[in-house]
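The values are calculated or read from the model by the stated rules, or taken from the named source; none is laboratory data. It should be emphasised that the depicted structure is a prediction, and the values quoted were computed from it without experimental measurement. Counting neighbours? That spans all protein chains shown, and the Cβs are built from the backbone with ideal geometry, glycine included.
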Amino acid sequence: MLKDCSVGAIVFFVAHLDRSIAFYRDTLGLPVAALEGADGPYALAEVGGVALVFIARPVRIGESPVIVFNVEGGIDDYADALATRGVEIVVPVSECPDGGLSVDFVDPDRNALSIYQPKGAPRRQ
C-alpha cells in the first residue's frame, strides 16, 4: 500500500521546544528553524531530504518519534484502506501545522506512524 511513498518526516513530540531547538541546532549542528503553525510554535530541520519536525506537547513512551510517509494525494483513500485492513487509526485525517493533512496510526507494537499529504492536494485519488 505504501510502496510508492517516501519517508518525508520524523516528528518528535518534545517537552520543551526551546531546549530541543538548542540541542539539535547547537549540539548536533543542524539548521533548525523555529516556526509558527496553525496550532502554535514548532521547529523544523532537514537531514538528507527528511524533515525533522519538533512539536511541544506531552508525550508518553511509544508515541514519539512518529515516522511520516509522504503521499501526493488521496489521504482519505489511504485512511480507508488502513481501516479496511484492521489497522488502528489513532488520529483520523486532520490538518497539520503547515496546512497539509495527516492520518496517524500504529503498528502491532504500537509504534506511531503517519501518512502526510501537502496542502492543496486532493483528498481522494
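Name the residue that is nearest to Arg85 (Cα to Cα), counting only residues in the range 1-57 that are hydroxyl-bearing (Ser, Thr, Tyr) and either without any contact (Cβ under 8 Å) to a residue 40 or more places away in the chain or surrounded by 15 or more Cβ atoms within 10 Å (Cβ to Cβ) (or both). First the steps, then the outcome.
First pass over the range 1-57, keeping only residues hydroxyl-bearing (Ser, Thr, Tyr): 6, 20, 24, 27, 42.
Right, trim to either without any contact (Cβ under 8 Å) to a residue 40 or more places away in the chain or surrounded by 15 or more Cβ atoms within 10 Å (Cβ to Cβ) (or both) and you get 20, 24, 27, 42.
Numbers: Ser20: 36, Tyr24: 37, Thr27: 42, Tyr42: 33 Å.
In this case the residue turns out to be Tyr42.
Given (1) of a type outside the set (D, E, K, R); (2) in contact with a Pro (Cβ under 8 Å, 6 or more places away or on another chain); (3) loosely packed, with under 13 Cβ neighbours inside 10 Å; (4) more than 22 Å from Ile21 (Cβ to Cβ), identify the lone condition not met by Gly73.
Among (1) of a type outside the set (D, E, K, R); (2) in contact with a Pro (Cβ under 8 Å, 6 or more places away or on another chain); (3) loosely packed, with under 13 Cβ neighbours inside 10 Å; (4) more than 22 Å from Ile21 (Cβ to Cβ), Gly73 violates only (3).
So is Arg123 among the basic types (Lys, Arg), out of contact with any strand residue (DSSP E or B) (no Cβ under 8 Å at 6 or more places or on another chain) and either surrounded by 12 or more Cβ atoms within 10 Å (Cβ to Cβ) or part of a loop (DSSP other than H, G, I, E, B) (or both) or not?
no
Name every residue in the range 80-115 that is of a type in the set (Ser, Thr, Tyr), modelled with pLDDT under 95 and assigned to a strand (DSSP E or B), in order of residue number.
Ser114
How about the range 58-79: which of its residues are in a loop (DSSP other than H, G, I, E, B), within 15 Å of Pro118 (Cα to Cα) and free of Cβ contacts under 8 Å to residues at least 60 places away in the same chain?
Within the range 58-79, Glu72, Gly73, Gly74 meet the criteria.
Mind telling me which of the residues Glu46, Glu36 ends up being within 20 Å of Tyr116 (Cα to Cα), of a type in the set (D, E, K, R), in contact with a Pro (Cβ under 8 Å, 6 or more places away or on another chain) and assigned to a strand (DSSP E or B)?
Glu46
All but one of (1) modelled with pLDDT of 90 or more; (2) crowded, with 17+ Cβ neighbours inside 10 Å hold for Val66, so report the exception by its number.
Status for Val66: all satisfied but (1).
Looking only at the range 88-108, how many residues end up being touching a residue at least 60 places away in the same chain (Cβ under 8 Å) and among the charged types (D, E, K, R)?
Of the range 88-108, the ones touching a residue at least 60 places away in the same chain (Cβ under 8 Å) are 97-99.
Those still in the list that are among the charged types (D, E, K, R) too: 98.
Residues in the range 88-108 being touching a residue at least 60 places away in the same chain (Cβ under 8 Å) and among the charged types (D, E, K, R): 1 in total.
Are any of the residues in the range 69-79 in contact with a Lys or Arg (Cβ under 7 Å, 6 or more places away or on another chain), closer than 24 Å to Ala38 by Cβ, acidic (Asp, Glu) and modelled with pLDDT under 95?
No, that holds for no residue.
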